[in-house]
Amino acid sequence: MAIRDRLSGNEAVAIAMRQIEPDVMGAFPITPSTEIPEYFSSFIADGLADTEFIAVESEHSAMSTCMGASAAGARAVTATSSAGLAYMWELLYVVASARLPVTMAVVNRALTGPININNDHSDSMGARDSGWLQIYAETNQEVYDNFIQAIPIAEAARLPIMVCQDGFITSHGVSNIDLIEDEKVKGFVGEYRPENYLLKHENPLAVGPYGTSPYYMEFKRQQAQSMKDAMPIIMDVAERFERMTGRKYGFFEEYMMDDAEVALVCIGSSAGTGKEAVDRLRAEGKKVGLIKLRVFRPFPRIPLAEAMCKVKAVAIMDKAESFSNSGGPLFNEARSSLYDLKDKPYAINYIYGLGGRDIRVEDFYDIYQDLFVIIEHDDPGDVYRYIGVRDSRFR
């Protein structure tokens with residue numbers, strides 16, 4: 001039977017770690033992820049988890065620790081945010097190219113400058129092309145569930161994985177969570193038994209060799225293929241998780257999409273505010289819907305395009321700016337997925353929530369109204385927009 005508790009998202013991740021009981025955690029504190037290693041190290045000190053906790057001098061060293069542990073055949077985890085993730089940058093690529101299934105809790109926080117410690121997705125979105133799987137959560141429950149699912153996903157795909165949640169919003173906000181019994185979690189993730197690893201004397205190998213020009217592209221092609229191959233793995237793990245808990249997960253969640261005329265696509269906790277706007281507008285007779293993307297890497301191009309094609313116009317919401325002059329990262333990938341389809345919706349982009357700027361139900365009202373205007377006039381207008389910013393030029 002599930003165990004009901006009231007926990008923050010950071011506490012939930014630490015409890016998932018305790019239940020999984022990884023071999024190694026390398027960690028360095030940074031707001032707002034600091035509580036995760038704090039809580040987990042206390043579990044280790046109290047004898048509740050048999051994990052080697054390595055307190056290091058920087059985030060670069062934290063990822064180095066995880067990389068070495070994983071290459072040696074251990075199950076390794078860490079947690080970070082913002083500038084901490086940026087400090088790991090070099091090693092993100094090394095870990096991914098070495099196909100080491102490190103699991104990292106990323107508590108999303110804006111990257112400076114100017115200095116800011118609040119939530120947006122600029123940290124993990126900046127790392128979107130590093131070769132890591134990425135899963136995002138709307139609620140504390142999803143943070144917990146995603147972390148448990150991440151372990152078997154990463155190990156089956158032989159890829160590292162980021163489990164992302166919104167800093168302070170879910171990381172420090174407390175809500176009801178249904179925890180899974182310890183023995184069920186351990187059975188679900190199983191024991192990590194890699195086929196090859198550095199300490200396996202029967203089969204000596206090198207990890208991270210120099211990739212000369214005649215071979216480097218083949219390594220990259222294998223990584224690209226492993227991202228594609230991760231898609232059925234993610235769904236298989238989700239199906240096993242649903243059988244264990246009754247909670248259903250996929251690449252994304254569709255909310256009130258069956259008869260919707262317009263819709264939003266968003267990531268993370270903002271989906272909860274968007275759903276409230278959908279409920280209110282539905283009560284007014286407006287046919288609106290919402291798609292909450294859960295898996296950003298691998299990008300679910302075909303199923304997401306099919307979902308967006310249910311409506312006449314869609315607003316794609318980015319909590320990160322690419323400075324590309326063509327919209328945010330989610331917009332560019334989601335919109336490009338529609339390119340080859342004949343009956344595609346109008347797609348516009350909204351940059352929102354940077355540095356923790358609030359996104360309100362009223363803001364979603366305005367966006368849905370913009371979408372109805374687009375289909376009424378059969379004209380998308382400017383597809384690259386801002387919401388909730390003082391400068392009227394971006395409205």
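The values are calculated or read from the model by the stated rules, or taken from the named source; none is laboratory data. Because the structure is a prediction, the values reported are computed rather than measured. Glycine gets a Cβ as well: all are built from the backbone with ideal geometry, and neighbour counts include every protein chain shown.
When each of ALA156, ALA86, ALA74, ALA98 is tested for being touching a residue at least 40 places away in the same chain (Cβ under 8 Å), touching a strand residue (DSSP E or B) at 6+ places or on another chain (Cβ under 6 Å), small (Gly, Ala, Ser) and surrounded by fewer than 24 Cβ atoms within 10 Å (Cβ to Cβ), the lone residue that passes is ALA74.
Can you give me the number of residues within segment 109-124 that are surrounded by 23 or more Cβ atoms within 10 Å (Cβ to Cβ) and either of a type in the set (Gly, Ala, Ser) or touching a Lys or Arg at 6+ places or on another chain (Cβ under 8 Å) (or both)?
First pass over segment 109-124, keeping only residues surrounded by 23 or more Cβ atoms within 10 Å (Cβ to Cβ): 109-110, 119-124.
Add one more test, that the residue is either of a type in the set (Gly, Ala, Ser) or touching a Lys or Arg at 6+ places or on another chain (Cβ under 8 Å) (or both), and what stays is 110, 119-124.
Residues that pass the stated criteria total 7.
Scan segment 219-239 and give yes if some residue there is touching a Pro at 6+ places or on another chain (Cβ under 9 Å) and assigned to a loop (DSSP other than H, G, I, E, B), otherwise no. There is no residue in segment 219-239 that is touching a Pro at 6+ places or on another chain (Cβ under 9 Å) and assigned to a loop (DSSP other than H, G, I, E, B). Close contacts from segment 339-366, counting a first residue that is closer than 21 Å to GLY289 by Cβ and a second that is polar (S, T, N, Q) and surrounded by 22 or more Cβ atoms within 10 Å (Cβ to Cβ), with Cβ to Cβ under 6 Å and a gap of 6+ residues or different chains, come to ILE359/SER270. Of these, ALA49, ALA98, ALA105, which one is under 18 Å from the mean Cα position of the chain (by Cα) and of a type in the set (Gly, Ala, Ser)? ALA105 is the lone residue from the list that is under 18 Å from the mean Cα position of the chain (by Cα) and of a type in the set (Gly, Ala, Ser). The residues listed here are VAL143, VAL185, VAL174, VAL207; of these, the one that is touching a helix residue (DSSP H, G or I) at 6+ places or on another chain (Cβ under 6 Å), of a type outside the set (Phe, Trp, Tyr) and over 20 Å from GLY250 (Cα atoms) is VAL207.
Condition (residue is crowded, with 20+ Cβ neighbours inside 10 Å, in a strand (DSSP E or B) and out of contact with any Phe, Trp or Tyr (no Cβ under 7 Å at 6 or more places or on another chain)) applied to segment 184-203: is it met by at least one residue? Among the residues of segment 184-203, not one is crowded, with 20+ Cβ neighbours inside 10 Å, in a strand (DSSP E or B) and out of contact with any Phe, Trp or Tyr (no Cβ under 7 Å at 6 or more places or on another chain), which makes the answer no.
Scan segment 222-276 for residues that are aromatic (Phe, Trp, Tyr) and either closer than 29 Å to PRO160 by Cα or surrounded by fewer than 16 Cβ atoms within 10 Å (Cβ to Cβ) (or both) and jot them down. Give the derivation first.
Here is the first cut: in segment 222-276, the residues aromatic (Phe, Trp, Tyr) are 241, 249, 251-252, 255.
PHE241, TYR249, PHE251, PHE252, listed by residue number.
Just give me the residues in segment 367-390 being surrounded by 15 or more Cβ atoms within 10 Å (Cβ to Cβ) and among the acidic types (Asp, Glu), in sequence order. Walk me through how you get there before you give the answer.
Residues of segment 367-390 surrounded by 15 or more Cβ atoms within 10 Å (Cβ to Cβ): 367-368, 370-372, 374-375, 380, 383-388.
Matches in segment 367-390: ASP370 only.
Tell me whether segment 46-69 contains one or more residues that are crowded, with 19+ Cβ neighbours inside 10 Å and in contact (Cβ under 8 Å) with a residue 60 or more places away in the chain. The answer is no; no qualifying residue exists.
Within segment 288-395, considering only helices (runs of 4 or more DSSP H) that don't extend past its boundaries, which have at least 3 residues that are more than 21 Å from the chain's Cα centre (by Cα)? Please lay out each step first, then the result.
Values: elements: 301-308, 329-336, 361-377.
Counting at least 3 such residues, we get 361-377.
Among the numbered conditions (1) in contact with a Leu (Cβ under 7 Å, 6 or more places away or on another chain); (2) in contact (Cβ under 8 Å) with a residue 12 or more places away in the chain, the only one that ASN196 does not meet is (2). Condition first: surrounded by fewer than 13 Cβ atoms within 10 Å (Cβ to Cβ), aliphatic (A, V, I, L, M) and either more than 18 Å from GLU333 (Cα to Cα) or assigned by TED's automatic domain parsing to the domain that holds GLY356 (or both). Can you find one or more residues in segment 277-288 that meet it? Yes, segment 277-288 contains a residue that is surrounded by fewer than 13 Cβ atoms within 10 Å (Cβ to Cβ), aliphatic (A, V, I, L, M) and either more than 18 Å from GLU333 (Cα to Cα) or assigned by TED's automatic domain parsing to the domain that holds GLY356 (or both).
Quick grid of which residues meet (1) assigned by TED's automatic domain parsing to the domain that holds VAL163; (2) small (Gly, Ala, Ser); (3) under 28 Å from ARG280 (Cβ atoms); (4) surrounded by fewer than 17 Cβ atoms within 10 Å (Cβ to Cβ):
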position: PRO300; (1), (2), (3), (4): no, no, no, no
position: LYS312; (1), (2), (3), (4): no, no, yes, no
position: GLY327; (1), (2), (3), (4): no, yes, yes, no
position: LEU330; (1), (2), (3), (4): no, no, yes, no
position: ASP340; (1), (2), (3), (4): no, no, no, yes
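Those strands (runs of 3 or more DSSP E) of segment 52-142 in which at least 3 residues are farther than 30 Å from GLY246 by Cα, considering only elements entirely within it, cover 52-55.
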